[in-house]
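In what follows, a single structure is set out as structure tokens and then discussed.
The values are calculated or read from the model by the stated rules, or taken from the named source; none is laboratory data. Everything numeric here is computed off the predicted structure, so don't read it as measured data. Here the Cβ is made from the backbone with ideal geometry for all residues, glycine too, and neighbour counts use every protein chain on show. Keep in mind that these areas ignore ligands, DNA and RNA; they rest on the heavy atoms of the full protein, side chains included. Shrake-Rupley method; radii C 1.70, N 1.55, O 1.52, S 1.80 Å.
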Amino acid sequence: MASSSSTRSIVLGLSLWFLLISPALSLTCTSQSKNLKNEIYAHCLDLPSLSSFLHFTYDASNRSLSIAFVAAPAKSGGWIAWAINPTAPGMAGSQALVAYKDSKGAVTVKLYNVSSYESIVPTKKLSFDVWDTSADESGGLMRIYGKVKVPEELAKAGKLNQVWQVGPSVTPEGMIAKHDFAPPNLNSKGALDLSGAQTGGGSTGTDSRTKKRNIHGVLNAVSWGILFPIGAIIARYLRTFESADPAWFYLHVLCQSSAYAIGVAGWGTGLKLGSDSKGVTYTGHRNIGIALFSLATVQVTKALVVHDINLI
């Protein structure tokens, strides 16, 4: 490969390091602990839809559940909600904590009794005790904080039905607008194991989605952030030494071909993550990844064609 392409390879590698890998690794609940009002929670869950997260601690001695729910509103000026449904796994019958910006621009928490899909009304009291509620916003994310007295029958079962949601807007009177009914919105429910064991609403460890994110990030780090730049550096600097000929070329080819193969795997993992996250699209991340991967493919294809011509 020409030396002029070496600089492009280095820039390509560094660009993909920051633009592709960082988002894949940072969007996990364990990365948010610095932003949670200096409170440490025993468990941290990546919820399986709406890119939402739940931090919680359960004290069985007094049935108190401390939570911090983190999500991004569907639109600027929208709302987020986390709820417990004492009687069913769905939204109807749930008792919700909803956060949004009030008319003065302050993030506030209100209580809602979702008695049915047609009736979502504010209330001063839920069917169980709730206290120390508050909310904040930063980096495009809202956070709901609160403590809940878990009903005795749910505490004995060790599990409860949780529901979470995000919506687009709130009226000046505090009435929340309907959320979307896309698959991520309809799937935003699950069982929360108070012990922190894995449930349908997430896991205390790294769930399958987080593992895929980590794999995606590591593959791209090794490929675009390490091997491609090293291969370019070898081609740019080592070939100036006669004693390094032809070893530099074989090392260059090994680094670049290995980097591209690993990059294909990382790119494929990213596509799989995208297909598994229906309704959630990181448009900038995706478009930059596709564009840079396409440019790398063109460069590798060009090198192979030139090599074949030289053989002829």
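The length gained by stretching the chain between ALA177 and ALA261 to full extension, at 0.36 nm per residue less their Cα-Cα distance, is 25.5 nm.
Please list LEU273, LEU45 in order of solvent-accessible area, largest first, computed with a 1.4 Å probe with all protein chains present.
Details: LEU273 25, LEU45 5 Å².
The residues order as LEU273, LEU45, largest area first.
For segment 208-310, the solvent-accessible area with a 1.4 angstrom probe is 58 square angstrom per residue.
Along the axis of the charge dipole computed for segment 208-310 (Cβ charges of +1 for Lys and Arg, -1 for Asp and Glu, origin at the Cα centre), the listed residues ASN220, THR269, LEU295 are led at the positive end by THR269. The HN-Hα couplings worked out from phi for segment 286-296 by the Karplus form 6.51 cos²θ - 1.76 cosθ + 1.60 (θ = phi - 60°) are 5, 5, 5, x, 5, 5, 5, 5, 5, 4, 5 Hz, whole numbers, x standing for Gly and Pro.
Per residue, segment 59-188 exposes 48 Å² of solvent-accessible protein surface, assessed with a 1.4 angstrom probe and all protein chains in place.
With the Cα gyration tensor of segment 29-193 giving a ≥ b ≥ c as the square roots of its eigenvalues, does the rule (a/c under 1.5 for rounded; else a/b larger than b/c for prolate; else oblate) give rounded, prolate or oblate?
On the way: a/c = 1.42, a/b = 1.17, b/c = 1.21.
Here segment 29-193 falls in the rounded category.
For segment 29-193, a crude dipole built from +1 on the beta carbon of Lys and Arg and -1 on the beta carbon of Asp and Glu, taken about the Cα centre, is about 140 debye to the nearest 20. The accessible surface of segment 29-193, taken with every protein chain in place and a 1.4 Å probe, is 52 percent carbon and sulfur.
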